[in-house]
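The values are calculated or read from the model by the stated rules, or taken from the named source; none is laboratory data. Bear in mind the structure is a predicted one, so any value in this text is a computation, not a measurement. Reconstructed Cβ throughout: ideal geometry from the backbone, glycine too, with neighbour counts over all protein chains shown. We work out accessible area using only protein heavy atoms, side chains counted, and drop any ligands, DNA or RNA first. Shrake-Rupley method; radii C 1.70, N 1.55, O 1.52, S 1.80 Å.
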Amino acid sequence: MNKVVKLETEKTLDQEWLRTLCLDAGVDDVGFVEISRAGLDDQRADILTAFPKTKTLISFVIKMTRENIRTPKRSASNIEFHSTGDDILHTARKIVKELDKYGVRGLYPAMGFPMEMDDYPGKTWIVSHKPVAIEAGLGQMGIHRNIIHPKFGNFVLLGTILIDATVERYAEQIDYNPCMECKLCVAACPVGAIGADGYFDFAACFNHNYYEFMGGFTAYTEQIADSKDAKDLRSKVTDSESASWWQSLSFGANYKAAYCLAVCPAGDDVISPYLESKSGFKKEILKPLVDKQENVYVVPGTDAHTHLRKRFKHKTPRLMKSHLRPTSVAGFLRSMPLVFNRHKSQGLNLTYHFMFTGQEKIEATVIIKDKTVTVQEGLNGKADFSLKADSAAWLSFLRKDKALPILLLTRKIKPIGPLKYLKAFSRCFR
């Protein structure tokens, strides 16, 4: 190995030495990013809260086995996700321990779970691995919102290590996107989370694919609490679903789909079969996932529910309550783009003013136009509909703890304008 260069004021590591150390530890590719990088502006404070001495982020990938991800038998896929996730953490720990021998301190955040659940449903993770990997030159984001490595494709999991040393040369983003926009991920997604135009419906993906993670467990326990007896519970939750919950709680939460990863043909090591025969690739990889009969979890009345009934009539809709429930007015405003049902907003061109009082004094403008939503601070422009509300009362309405008529009668919520506009607003956010 090349030597480690140590200065009096800080530790500076040779880039090739550090890269070799990481490769020897078991990573498949690695890049280094300085903490001051502009691409980290929105998460620098969180990183420094976790490890104030951070000067460099080590971003790395470990490959997954492709056939385990591609099979319609999701137990095999989840074994691979969990196994590679364990490899990420074990490798990160190995690198941190090795660097410690040279006087370099480091911290490795979780690859996925566990997270900082005290902050749920806000940001529960220390590091957003995807933007770090992009800055480290390990790939670009595909339209399915997964990192596509130029060689390994999207069949990788990501890890990040924070260290208190600088590196003599940092990585840069790759200058092209390996995503071919072939739209196979669009065709495979059972809830229509990926739009052909590049739009991404976060809530649709979260509610189904992550059903047995985080908020889905809350929904499950509420179904138990709301049931009169065992027979009533069985009418709401099948034995198969209860067994799946037991499996997730015992062995690790299971993804319900991740079909977007399975069908992606991008990456030098992956692309040959697709180029040789696109129809053959679709028949072998895409069709079994599309044809699979399975439960799909959707919130009734959402774009995801409509897409499922229209596109996948052989799949069974399992209707659920949304578990993306804000715990603050600020969180409610931040979450709007994530839970927006754009197709339900078709034909709307409305400006809303929200004035919250009480524990949270916030004013905001929400514009729904051309199947998009924009949230702005303050009261801007002329409102078609305004709403004054006590912040706690509004949150109780969103949680369905209190009925809207009661809140209207007690003047906790005061609408100004046609109530049909409030109904139209509600239709767009479920």
* To do: Return the whole-Å distance between the Cα centroid of the stretch 304-382 and the Cα centroid of the stretch 194-245.
  => 20 Å
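How large, in percent, is the carbon and sulfur part of the accessible surface of the stretch 110-269 at a probe radius of 1.4 Å?
Ligands and nucleic acids excluded, carbon and sulfur give 55 percent.
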* Asked: Which of the pairs Lys278/Lys371; Lys344/Lys423; Lys292/Lys313; Lys228/Lys315; Lys361/Lys420 have their Cα atoms more than 21 Å apart in this structure?
  -> Lys278/Lys371; Lys228/Lys315; Lys361/Lys420
* **Cα-based reach from Lys101 at 17 Å (exclusive), listing lysines while leaving out same-chain residues under 8 positions away** => Lys3, Lys6, Lys11
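Explain nothing, just the number: dipole magnitude of the chain about its Cα centre with +1 on each Lys and Arg Cβ and -1 on each Asp and Glu Cβ, in debye rounded to the nearest 20.
2060 debye
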* Would you rank Lys278, Lys292, Lys414 by solvent-accessible area, highest first, keeping every protein chain in place and using a 1.4 Å probe? => Lys278, Lys414, Lys292
* Nearest 20 debye, what's the magnitude of the dipole of the stretch 35-109 about its Cα centre given +1 on Lys and Arg Cβ and -1 on Asp and Glu Cβ? -> 160 debye
* Accessible area, probe 1.4 Å, largest first, for residues His314, His149 -> His314, His149
* Once amide H atoms are built 1.01 Å from N in the peptide plane, which residues 5 or more positions from Asp29, or in another chain, come under 5 Å H to H? -> Val61
* Would you please give the FRET efficiency between Ser250 and Ser277, computed as 1/(1 + (r/R0)^6) with r the Cβ-Cβ distance and R0 = 45 Å, to the nearest 0.05? => 0.65
* Provide the per residue accessible area, probe 1.4 Å, for the chain, rounded to a whole number of square angstrom. => 49 Å²
* Asked: So what are the ³J(HN,Hα) numbers for the stretch 27-42, from phi and the Karplus equation (6.51, -1.76, 1.60; θ = phi - 60°), rounded to whole Hz, Gly and Pro as x?
  -> 6, 9, 7, 8, x, 10, 10, 6, 5, 7, 4, 4, x, 9, 4, 7
* Asked: From the phi of every residue in the stretch 47-61, what ³J(HN,Hα) in whole Hz does the Karplus formula 6.51 cos²θ - 1.76 cosθ + 1.60 yield, where θ is phi - 60° and glycine or proline is x?
  -> 5, 6, 5, 6, 8, x, 8, 4, 10, 9, 10, 8, 10, 9, 10
* Asked: By a straight-distance test (C-alpha under 18 Å), which lysines pair with Lys151 as possible cross-link partners, with residues fewer than eight away in the same chain excluded?
  -> Lys63, Lys130
* Asked: Can you give the charge dipole size of the stretch 212-336 about its Cα centre, rounded to the nearest 20 debye, using +1 on the beta carbon of Lys and Arg and -1 on the beta carbon of Asp and Glu?
  -> 560 debye
* Distant-in-sequence amide H partners of Gly139 (H built 1.01 Å from N, under 5 Å) -> Ile174
* Structure fact -> Rounded to the nearest 10 Å², the 1.4 Å probe accessible area of Ile367 is 50 Å²
* Structure fact -> Links exceeding 32 Å between C-alpha atoms in this model, out of Lys369/Lys414; Lys183/Lys388; Lys282/Lys321, come to Lys183/Lys388; Lys282/Lys321
* To do: Please label the shape of the stretch 1-127 as rounded, prolate or oblate, based on the square roots a ≥ b ≥ c of the eigenvalues of the alpha-carbon gyration tensor (a/c under 1.5 means rounded; beyond that, a/b larger than b/c means prolate, else oblate).
  => oblate
